[in-house]
1. Being under 15 Å from Ser17 (Cβ atoms), surrounded by fewer than 20 Cβ atoms within 10 Å (Cβ to Cβ) and small (Gly, Ala, Ser) narrows it down to one of Ser135, Ser125, so name that one.
2. Which condition number does Gly96 fail, the rest of (1) free of Cβ contacts under 8 Å to residues at least 40 places away in the same chain; (2) closer than 30 Å to Asp277 by Cα being met?
3. For the stretch 336-356, check the following and say yes or no: at least one residue is modelled with pLDDT of 85 or more, out of contact with any Asp or Glu (no Cβ under 8 Å at 6 or more places or on another chain), under 20 Å from Leu128 (Cβ atoms) and crowded, with 18+ Cβ neighbours inside 10 Å.
4. Given (1) farther than 22 Å from Ile363 by Cβ; (2) in a helix (DSSP H, G or I), identify the lone condition not met by Leu293.
5. In the stretch 90-120, what residues are aromatic (Phe, Trp, Tyr) and either touching a Cys at 6+ places or on another chain (Cβ under 6 Å) or surrounded by 17 or more Cβ atoms within 10 Å (Cβ to Cβ) (or both)?
6. Can you tell me which residue within the stretch 250-278, out of those that are at pLDDT 70 or above and open to solvent by 60 Å² or more (accessible area, probe 1.4 Å), is farthest from Leu288 (Cα to Cα)?
7. For Ile193, indicate whether it is surrounded by fewer than 16 Cβ atoms within 10 Å (Cβ to Cβ), in a helix (DSSP H, G or I) and at pLDDT 75 or above.
8. Here is a list: Lys203, Lys155, Lys180. Which entry is of a type in the set (D, E, K, R), out of contact with any Cys (no Cβ under 7 Å at 6 or more places or on another chain) and within 25 Å of Leu47 (Cα to Cα)?
Amino acid sequence: MSKKNEIIIFLAVVLLSLIPVIYTWGLLPVGGDVFVHINSESLRKYLYQWITTGNGQYFVINFSPFYLFFKIFELFRLNLYNISSLILFSLSFMSGIGIYKLVKLFFEKTQFYTYLLPVVFYMLSPALLNGWVYSYVYAFAPWFIYFVFKAIRLKRLMTGDVILMSFLFSILSTDLPNPKYIFYLFVASLIIIVMALLLRLIKIRFFIENFGKFILFFLLTAYILIPLSYFAFTYTSAESYGVTIKAGAVNYGQMSDYGTATIDKMARLHQDGMNMDSKYSVNYNSNLIVNFLSYLPIIWVVVGLLVIRNGYYLIFTFLAIIFLIFSVGPNKPFGALYEFMISNFKLLAFLRTTAGAVFFISIFYAASL
């Protein structure tokens, strides 16, 4: 690809990254499961991974990435609001470039403008209306998936990529002790590797030759994995750390996403309960153009599955299907099986809500497109 074309794509990503900044200018959203971060100083005492319950915390939370981002942008000596806007822009920018890198890995000789479809789709995905508080995950998950596929394409795992993946792993674990994004990364990586083996994109020798790199990755992420493992095996009941499998279990006996994360809604990448004022949410969900456009990605993916004979396309569509099941959770058609799994295996209690899975469907939709 010529430098001129790459500059055009770069500028397109910049313009798309400005949209959320302009749209939210003058507004300050507050909410989510984690507390609102003010600056790097307010995060310093939370960087230790072994905070005990006696110090007011039941579990570890990896705030290191938040701390790093604040430290970087505080160098500009701007006020809190402007720093937040810069971070928002940067996260949007990283999401677009990540998808571009992922798609370019498979289609080097394609006309440059065809890359814009997956980039625009991912950066403006309806999934963002459900999970703005997890923008870090949305921005960096495509990069982790990119490095997994890169290793398969090259048939070797490079040391520099392992170091970058461990850094990404830290960013993607910011929602601890709810490790669903780490779990989703593991599931996605496992599916990619297993299907690559079945499709003969790699051989068993790949693991033997790269065994040392896998050990290196574990060592670089041990500061997260070890305390998280301790937490998982120590607090395995709802009473231990305040996690209820079912929302209002006494009165309703149903999981929190029951009736909202239906397969129809998740295939379109959003629930009804979006982060909008109710009147705007009603208008959005009743808009015929929005509803028509929201079905196009899944239609294109299915049609592509019928006509495209490509191993990597098969992997992406299979990943989309698996993560659609995860995102649907307790709803039909596999709701009973999902509830049984979550209710009987306490280690999987973190899957009591399903919103995070839809982020990954956006990645696989974009790559499939």
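The values are calculated or read from the model by the stated rules, or taken from the named source; none is laboratory data. All of these numbers come straight from a predicted model, not from anything done at the bench. For neighbour counting, all protein chains shown are included, and Cβ atoms are generated from backbone atoms with ideal geometry for every residue, glycine included. These area figures cover heavy atoms from the full protein model, side chains too; ligands, DNA and RNA do not enter into them. Shrake-Rupley method; radii C 1.70, N 1.55, O 1.52, S 1.80 Å.
1. Testing whether each residue is under 15 Å from Ser17 (Cβ atoms), surrounded by fewer than 20 Cβ atoms within 10 Å (Cβ to Cβ) and small (Gly, Ala, Ser) leaves just Ser135.
2. (1)
3. Checked against the condition, which is being modelled with pLDDT of 85 or more, out of contact with any Asp or Glu (no Cβ under 8 Å at 6 or more places or on another chain), under 20 Å from Leu128 (Cβ atoms) and crowded, with 18+ Cβ neighbours inside 10 Å, the stretch 336-356 yields no hits at all.
4. (1)
5. Listed by number, the residues that qualify are Phe93, Tyr100, Tyr115.
6. Step by step, filter the stretch 250-278, then rank; the result is Tyr258.
7. Considered against the rule, which asks whether it is surrounded by fewer than 16 Cβ atoms within 10 Å (Cβ to Cβ), in a helix (DSSP H, G or I) and at pLDDT 75 or above, Ile193 comes out as no.
8. Selected residue: Lys180, the only one of Lys203, Lys155, Lys180 that is of a type in the set (D, E, K, R), out of contact with any Cys (no Cβ under 7 Å at 6 or more places or on another chain) and within 25 Å of Leu47 (Cα to Cα).
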